[in-house]
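A short write-up of the structure that comes next.
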Amino acid sequence: MSDQAGADLEGPPLESAYSWPGDLGPEAEPGPGRAPGVPRRRWALRHPLATVALVVVLGLVVAGVVGYVRVSHDINPPGGPGPQVTVVIPPGASTTRIAGILAKAGVIHGPDVFSVYVKLNGAGPLEAGTYHLATNQSYASVIRALENGPVLLTSKLVVPEGYTIAQMATAVARLPGIGITAHDFMQAATGGEVRSPYEPAGTNSLEGLLFPATYPVVQGESAATLVTYMVQTFDFHARQLDLPAVAKRLGYSPYQVVTVASIVEREAKWAADRGPIASVIYNRLSRGIPIGADSTLLYGLGNPKGPVDYNSPNPYNTRLNPGLPPTPISNPGIPSLEAALHPSKTSYLYWVEINPDGKMGFATTPAQFAQLQAECRNAGLGC
């Protein structure tokens, strides 16, 4: 084949989708590993579809990286848990609804990823209930909590000696997260649903028959359950004190003895005064003399803080009405119950507060009583 024929066959160079701009031509200086005259090659895209394809690929890569980071931060958020919030998961809620509730409360960052995560990991079932969860939590910790079910909150109800049912109701209603209202407690303690074996027929109030103590109260517990427990606690201590038998020896019913104890609880500030006060009450009852305890009238009037008309025609006014008041006026503790069951043997018919610290003076005769009243006035106690 002639040189000319070879030249014709070669023809002009074919166009390529790629060229190397910046070629220096045949005069280019040879570089390392390149023969003289061979141009330096630099890649560049000339076809527009190739440019678009590369942009799309790069976009998908960036979106994938961003999405991965976002999902990873949703599943395991940086920064650690935040403040605690209360979340209520209703019965029968779907995973999607639960995710929305959690996201709205700030426990998780978004509902969509959570729902998928639960399905992919085969988690569940997620239990209904009230939860106390931290914000910004990891999915794993949230799912673990919801699988285990709500941890019931327990609070301590402190009932001091001498509290009334109304005071107990107020204390119960203040327990955080428990859910028993003052009305619920009052209804359970005075509505007749819960009864004590010492409660006389025709009486629904459990005043005096709820033992003062510290009680654990569980979230969701009913008022009736709590009141029943308090009655049972009183019954246990009453049996320990042999209340029915001792009351019978005194010539009174157990309920009457509890009523005496409730007055002692309200009147006595010093332990040494409990027995003598009980003695005065029994001495007056045996003689048909009105007890004359201001605490009974105050209870009948709702324990007002302002001035009181001591001649008020109230069934709890033991200045005017002989005998015991219709019900106990407080819930006595063991010391006052023991004082009522085993009163001091005295001839006292009067007691009067004679010292601002609550110390009582006792008298048998009207003259001695007048002297005690003078001491009371001198102490500025308003006798």
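The values are calculated or read from the model by the stated rules, or taken from the named source; none is laboratory data. Everything numeric here is computed off the predicted structure, so don't read it as measured data. Ideal geometry is used to build each Cβ from the backbone, glycine not excepted, and the neighbour counts take in all protein chains shown.
Quick notes on this one:
- Of the residues in the range 190-202, not one is in contact (Cβ under 8 Å) with a residue 24 or more places away in the chain, among the hydrophobic types (A, V, I, L, M, F, W, C) and either in contact with a strand residue (DSSP E or B) (Cβ under 6 Å, 6 or more places away or on another chain) or within 24 Å of Pro335 (Cβ to Cβ) (or both).
- Considering each residue of the range 230-237 in turn, none proves to be in a loop (DSSP other than H, G, I, E, B) and surrounded by fewer than 22 Cβ atoms within 10 Å (Cβ to Cβ).
- Complete set of residues in the range 201-215 that are at pLDDT 95 or above and not polar (S, T, N, Q): Leu206, Glu207, Gly208, Leu209, Leu210, Phe211, Pro212, Ala213, Tyr215
- Members of the range 151-173 that are without any contact (Cβ under 8 Å) to a residue 24 or more places away in the chain and under 21 Å from Val88 (Cβ atoms): Val151, Ala173
- When the range 127-186 is filtered for residues that are more than 30 Å from Val116 (Cα to Cα), under 16 Å from the mean Cα position of the chain (by Cα) and of a type in the set (Gly, Ala, Ser), the ones remaining, listed by number, are Ser155, Ala169, Ala171, Ala173, Gly177, Gly179, Ala182.
- Close pairs (6 angstrom Cβ cut-off, 6 or more residues apart or separate chains): closer than 21 Å to Thr259 by Cα in the range 343-364, assigned to a strand (DSSP E or B) and among the acidic types (Asp, Glu) anywhere: Met360/Glu353
- Residue in the range 137-147 that is under 30 Å from Gln187 (Cβ atoms) and not β-branched (Val, Ile, Thr) present: no
- Just so you know, in the range 102-142 the residues that are within 30 Å of Gly179 (Cα to Cα) and polar (S, T, N, Q) include one that is modelled with the lowest pLDDT, and it is Thr130.
- Some residue of the range 296-318 being small (Gly, Ala, Ser), in contact with an Asp or Glu (Cβ under 6 Å, 6 or more places away or on another chain) and surrounded by 14 or more Cβ atoms within 10 Å (Cβ to Cβ): no
- Here is the figure for the range 212-229: residues that are assigned to a helix (DSSP H, G or I) and farther than 16 Å from Ala171 by Cβ total 3.
- Pairing residues of the range 107-130 that are farther than 16 Å from Ala145 by Cα and assigned by TED's automatic domain parsing to the domain that holds Arg144 with residues that are among the charged types (D, E, K, R) and surrounded by 17 or more Cβ atoms within 10 Å (Cβ to Cβ), at Cβ distances under 8 Å and at least 6 apart in sequence or on separate chains, gives His109/Asp74; Gly110/Asp74; Val113/Asp74.
- So Leu157, is it of a type outside the set (Gly, Ala, Ser) and either within 30 Å of His237 (Cβ to Cβ) or in a strand (DSSP E or B) (or both): yes
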